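The values are calculated or read from the model by the stated rules, or taken from the named source; none is laboratory data. Being a predicted model, the structure only gives us computed values, none of them experimental. When we count neighbours, we look across all protein chains shown, and the Cβ atoms used for this are built from the backbone with ideal geometry, even at glycine.
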Amino acid sequence: MKLMLRLKPIAAAAVAVCLVAAPAVHGTGPAVAQGAPQTLVGVDSVRSEPLSQTVPVIGRIVAMRDARVAAETAGAVESINVRVGDHVKSADVLAELNIDTKQSEVDVINARIGQAKADLEGARAQVTLAEQELKRQSDLKKSGAFARSKYETAEQELIRARARVSRVMALIMTNRYQRTITEMDIARGKVRAPFDGVVVERFTDSGSYLKVGDPVVRIISDTDLEIEADVPANRIAGLTPGLKIVSILEDGTKVPASVRSALPLENPMTRTRQVRFRADWPQGVSALADGQTITVHLPIGLRRQIVTVHKDAIVKQRGQDVVFVVDGGKAQPRTVKLGEQTGSRIEVVAGLKAGDVTVVRGNERLQPGTSVRVKKGSS
């Protein structure tokens, strides 16, 4: 009896120890004992955002301005002032033609105009004399000295004098018009850039003779650029003018753009049509080139609002998709039903709501109810 009494306190103490050490059963797994160390995790919030499914199409950058600058007058090339690769401004002189003969023509025309002006003075003087003679004959109508023949002759002389004035004035006007055209040819002897751009080809050199319309250089704009893509014909219906899309350069730079026009021309071999997009080129983007490739992401469905979770929050447990949600400093698992993937995020059809905080780093070693500490900088 004494031995048994002595063992009772010891047994009672052992039972107490067992009760303290035994884990409590709660939910789907064992609860962590109070005072257990916290697990450092990275988190991300569940979002509600629009989903717009897209399909990538390889497009190209095209210059809005591309011109073969031609000679507007005939003449020998005296000098070419640009080389391939030179940047030029609008109205810069690209080449100069020999216009010495044109200047000589202007001198001859000026001389003809001077002679015509002198003739005009004489013609006007004859008009004055003819008017005086006609008046004198008219004043004699009531006298016996009046002669009908002399009066009619005076009328004819006045008509002829006035006609001569008109002819000389017409001659002056014709010469002035010819002088204006010749002076324009002289101005056209300087071939100028029609817009800001880069010289990409040169078709002539000093000493060559050019006719009107012969090309001198080719210039393309390196700032006025847009995007062109060959789009499958069955995707054209949704590409209405003004529709906003996203395009991506080869270095990953995103370029917002909008549909400008879908051309009514279809390639029967590829069943594609050309679509032009206005691009909102980001600050700092440079060295763009005509023909450079760019990926255009075209919408293939209607936009809809969805709940998304970061792909790193998804863990596989017993064939199910599970996400650990942080609530009250503890990580609790939730089984989720997933939908479409959009970039680094996945649509959640069921199991989460916008605003839930999910574990995206350190979730592989979590157990239900694990105490967690959120890593700074994660959200």
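Gly242 falls short on exactly one of the conditions (1) without any contact (Cβ under 8 Å) to a residue 24 or more places away in the chain; (2) under 16 Å from Pro56 (Cβ atoms); (3) touching a Ser or Thr at 6+ places or on another chain (Cβ under 7 Å); (4) not basic (Lys, Arg), and that condition is (2).
Okay, residues lined up against (1) small (Gly, Ala, Ser); (2) out of contact with any His (no Cβ under 7 Å at 6 or more places or on another chain); (3) outside the structural domain of Val84 (by TED's automatic domain parsing):
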site: Tyr177; (1), (2), (3): no, yes, yes
site: Pro194; (1), (2), (3): no, yes, no
site: Gly207; (1), (2), (3): yes, yes, no
site: Gly213; (1), (2), (3): yes, yes, no
site: Glu226; (1), (2), (3): no, yes, yes
site: Asp230; (1), (2), (3): no, yes, yes
site: Arg235; (1), (2), (3): no, yes, yes
site: Thr240; (1), (2), (3): no, yes, yes
site: Ser258; (1), (2), (3): yes, yes, yes
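For segment 286-295, state whether one or more residues are among the hydroxyl-bearing types (Ser, Thr, Tyr), assigned to a loop (DSSP other than H, G, I, E, B) and under 30 Å from Ile248 (Cβ atoms). Yes, some residue in segment 286-295 is among the hydroxyl-bearing types (Ser, Thr, Tyr), assigned to a loop (DSSP other than H, G, I, E, B) and under 30 Å from Ile248 (Cβ atoms).
Consider segment 201-233. How many of its residues are of a type outside the set (D, E, K, R) and either closer than 23 Å to Ala279 by Cα or in contact with a Phe, Trp or Tyr (Cβ under 9 Å, 6 or more places away or on another chain) (or both)? Residues in segment 201-233 being of a type outside the set (D, E, K, R) and either closer than 23 Å to Ala279 by Cα or in contact with a Phe, Trp or Tyr (Cβ under 9 Å, 6 or more places away or on another chain) (or both): 13 in total.
If the Cβ limit is 7 Å and pairs must be 6+ apart or interchain, which residue in segment 314-329 that is within 15 Å of Gly362 (Cα to Cα) pairs with which residue that is of a type in the set (Asp, Glu)? Qualifying pairs under 7 Å: Ile314/Asp321; Val315/Glu364; Val325/Asp356.
Just checking, does segment 268-280 include any residue being in contact with a Lys or Arg (Cβ under 7 Å, 6 or more places away or on another chain) and not in a strand (DSSP E or B)? Before the answer, list the steps.
Step one: list which residues in segment 268-280 are in contact with a Lys or Arg (Cβ under 7 Å, 6 or more places away or on another chain), which gives 276-278.
Subset that is not in a strand (DSSP E or B): none.
No; the residues of segment 268-280 include none that is in contact with a Lys or Arg (Cβ under 7 Å, 6 or more places away or on another chain) and not in a strand (DSSP E or B).
Please indicate, with yes or no, whether at least one residue in segment 270-282 is under 22 Å from Thr223 (Cβ atoms), surrounded by fewer than 14 Cβ atoms within 10 Å (Cβ to Cβ) and polar (S, T, N, Q). No, there is no match, as no residue in segment 270-282 is under 22 Å from Thr223 (Cβ atoms), surrounded by fewer than 14 Cβ atoms within 10 Å (Cβ to Cβ) and polar (S, T, N, Q). Is there a residue in segment 187-210 that is part of a helix (DSSP H, G or I), over 23 Å from Val285 (Cβ atoms) and acidic (Asp, Glu)? Taking every residue of segment 187-210 in turn, none turns out to be part of a helix (DSSP H, G or I), over 23 Å from Val285 (Cβ atoms) and acidic (Asp, Glu). Can we say Asp321 is surrounded by 14 or more Cβ atoms within 10 Å (Cβ to Cβ) and over 43 Å from the mean Cα position of the chain (by Cα)? Yes; evaluated as a whole, the condition is true for this residue.
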